[in-house]
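What follows is a short report on a single structure.
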Amino acid sequence: QKEVEQDPGPLSVPEGAIVSLNCTYSNSAFQYFMWYRQYSRKGPELLMYTYSSGNKEDGRFTAQVDKSSKYISLFIRDSQPSDSATYLCAMSVGNNDMRFGAGTRLTVKP
Amino acid sequence: GAVVSQHPSWVICKSGTSVKIECRSLDFQATTMFWYRQFPKQSLMLMATSNEGSKATYEQGVEKDKFLINHASLTLSTLTVTSAHPEDSSFYICSAIYSGRTYNEQFFGPGTRLTVL
C-alpha cells in the first residue's frame with residue numbers, strides 16, 4: 001500500500017462547478033498537509049498548507065484534514081478554466097520526508 | 001518573491017553522455033535545496049537533499065555516483081546526470097527553502113525535461 005493515495009483522474013468539470021479533490025494516507029504520524037498546483041511542464045506551486053486537523057480557507061480554495069479518517073480534501077469553488085492543472089497533495093511528519101500523491105489532473109471546461 | 005529557476009528547461013542527449021542541470025534561487029538565499037524526479041502520471045520522488053557547502057544526502061535507491069549534486073553557493077545547486085541512459089529520461093525538479101521557512105514550504109523550479117536517446 002502506498003503511503004499517500006490520490007486518484008489521478010482525469011477529472012473534467014464545467015466552469016463554475018465545485019471541485020472536490022481528495023487524498024488518503026496510511027501514516028498516522030503525518031502532521032503537515034499541503035496542496036500543490038502544477039501546470040503542464042511547470043514545477044508545483046504551493047496552494048494550501050495545513051497543520052494537523054481542521055479546515056483552512058483561502059479565497060475559492062478550502063483545504064480540509066480529517067486525521068481520524070486519514071483523509072484530506074481540497075475544494076475549489078466557482079472553478080475557472082485557469083484552474084485546469086494537476087493538483088498534488090503532499091504530507092509530512094515534521095520538517096523532513098515529504099510524501100507526494102500522484103496528482104489529480106483537472107480540466108475546467110468553459 | 002521566492003522564485004526558483006532551472007536551466008535548461010529541456011535537454012535531449014545521447015546515451016552515455018553527461019548532463020548538468022542548474023537550479024537557482026533568484027531572490028533569496030536557499031539554505032537547503034532539493035532534487036526530485038517525476039515520471040509521467042507519477043508522484044514527485046525525492047532524490048536528494050542538499051545544503052550549501054556540504055555533501056548531499058541521497059534517498060535510498062538513488063545512486064550518488066550517477067546523480068552528482070553540487071551546492072556551491074546559497075543560490076545555486078547543480079545536478080549532473082552522468083553517463084545518462086534512456087531510463088534516466090524524466091522530469092527533474094528542484095526546490096528550495098530559506099531561513100525562517102519550514103521544510104514543508106518549498107518553492108519549486110519549473111523543472112527540466114531530460115530525454116536520453
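In µm²/s, what is D for chain B at 10 °C and 1.306 mPa s, where D = kT/(6 pi eta Rh) by Stokes-Einstein and Rh is the Kirkwood radius from Cα pairs?
Once the numbers are plugged in, D ends up at 113 µm²/s.
Once the principal axes of the Cα atoms of the range B:5-44 are found, what is the range along each, listed largest first in whole angstroms?
Result for the range B:5-44: principal-axis Cα extents of 35, 24, 15 Å.
Hey, which lysines would be in cross-link range of B:K66, C-alpha to C-alpha under 30 Å, not counting anything within fewer than 8 residues on its own chain?
Straight-line reach from B:K66, under 30 Å: A:K2, A:K42, B:K14, B:K20, B:K41, B:K55.
Over all residues in A:69-78, what is the mean tally of Cβ atoms on other chains that come within 10 Å of each residue's Cβ?
0
Given chain A reduced to its alpha-carbon atoms as identical point scatterers, what log10 I(q)/I(0) does the Debye formula return at q = 0.15 Å⁻¹?
Summing over Cα pairs of chain A leads to -0.58.
Among all cysteines in the protein assembly as shown, which have no other cysteine Cβ under 4.7 Å from their own Cβ?
Lacking a cysteine Cβ partner under 4.7 Å: B:C13.
Compute the distribution of all C-alpha to C-alpha distances in the protein assembly as shown, in bins of 5 Å from 0, and list the percent of pairs in each, rounded to whole numbers.
P(r) for the protein assembly as shown, in whole percents per bin: 1, 7, 14, 18, 19, 17, 12, 8, 4, 1, 0.
Please average, across the residues of B:37-43, the number of beta carbons from any other chain that are within 10 Å of each residue's own beta carbon, and give a whole number.
Taking the mean over all residues of the peptide, I get 4.
For the range B:51-115, restrict the atom set to alpha-carbon positions and state the Rg and Dmax in Å.
12.9, 39
Rounding to the nearest 20 debye, state how big the charge dipole of chain B is about its Cα centre with +1 on each Lys and Arg Cβ and -1 on each Asp and Glu Cβ.
So the dipole magnitude of chain B works out to roughly 160 debye.
Place a +1 charge on the Cβ of each Lys and Arg in chain A and a -1 charge on the Cβ of each Asp and Glu, then give the dipole magnitude about the Cα centre in debye, rounded to the nearest 20.
It comes to approximately 160 debye.
Set Lys and Arg Cβ to +1 and Asp and Glu Cβ to -1, take the dipole of chain A about its Cα centre, and tell me which of A:F61, A:G43, A:G16 lies farthest positive.
A:G43
Which of the trypsin sites (Lys or Arg not before Pro) found in the range B:22-117 are loop residues per DSSP with 16 or fewer other Cβ atoms within 10 Å of their Cβ?
The qualifying sites are B:K41, B:K55, B:K64, B:K66, B:R101.
Report the GluC sites (Glu not before Pro) located in the range A:8-110 that are in a DSSP loop and have at most 15 other Cβ atoms inside 10 Å of their Cβ, or state none.
Answer by residue number: A:E15.
No lab work stands behind these numbers, since they all come straight from the coordinates. A quick note: this is a predicted structure, and the numbers were derived from the prediction, not measured. All Cβ positions, glycine included, derive from the backbone under ideal geometry; neighbour counts span all protein chains shown.
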